[in-house]
């Protein structure tokens, strides 16, 4: 059962048929109806993400696809997949905030859960499987604020959104967000 944690941390293996191949995703301005991946927010962020890719390769990761600038204007970067990674690499340990997937292999489900939870972050996780009973057991063990089963990055205003550990404080959306703006008071009367 492949586990994909964080928007750009780990993904299903490259041989998986359950996800869209990054090279097929349209990189274009956000207002372009074809756009699936927009630009990075600034030149500084573009340089930061590019350095992560270079560092990952320098630490021994393999480039499966992507990693290059798209076009001559703006801060567009090809969706990038790095394979052959391990927990000691900065591309695995840190949040990249760019179109970079980092693939890590595992021997068994317990190993996958341990790898996914071995992080100071925990914004989101996804797992892909045909066995929904096992998916629920694994999802319960993952330390992430949002967990998708056979999907990723689902944002729904009715669902609380927020991370564990260093991936955020509190929740946005859902009842939990309304509760943040509520002052609860208890009053006890002795009769």
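Quick note: the coordinates plus some simple rules give every number you see, no bench work behind them. Note that the coordinates shown come from a computational prediction; the quantities given were computed from them, not determined experimentally. Glycine gets a Cβ as well: all are built from the backbone with ideal geometry, and neighbour counts include every protein chain shown.
Packing here is the average count of other Cβ atoms within 10 Å per residue, and on that basis the peptides 96-108, 158-170, highest first, run 96-108, 158-170. Each stretch of four or more DSSP H residues adds -39500 (n - 2.57); spread over every residue of the chain, this sum gives -7000 deg cm²/dmol at 222 nm. Full extension of the chain between residue 94 and residue 31 yields a length gain of 19.7 nm, computed as 0.36 nm times the residue separation minus the alpha carbon distance. A Förster radius of 45 Å, combined with the Cβ-Cβ distance separating residue 188 from residue 42, puts the computed FRET efficiency at roughly 0.25. Counting only DSSP beta bridges with both residues in segment 3-180, the antiparallel share comes to about 50 percent. Each part reduced to its alpha carbon centroid, segment 112-191 and segment 66-92 end up 27 Å apart.
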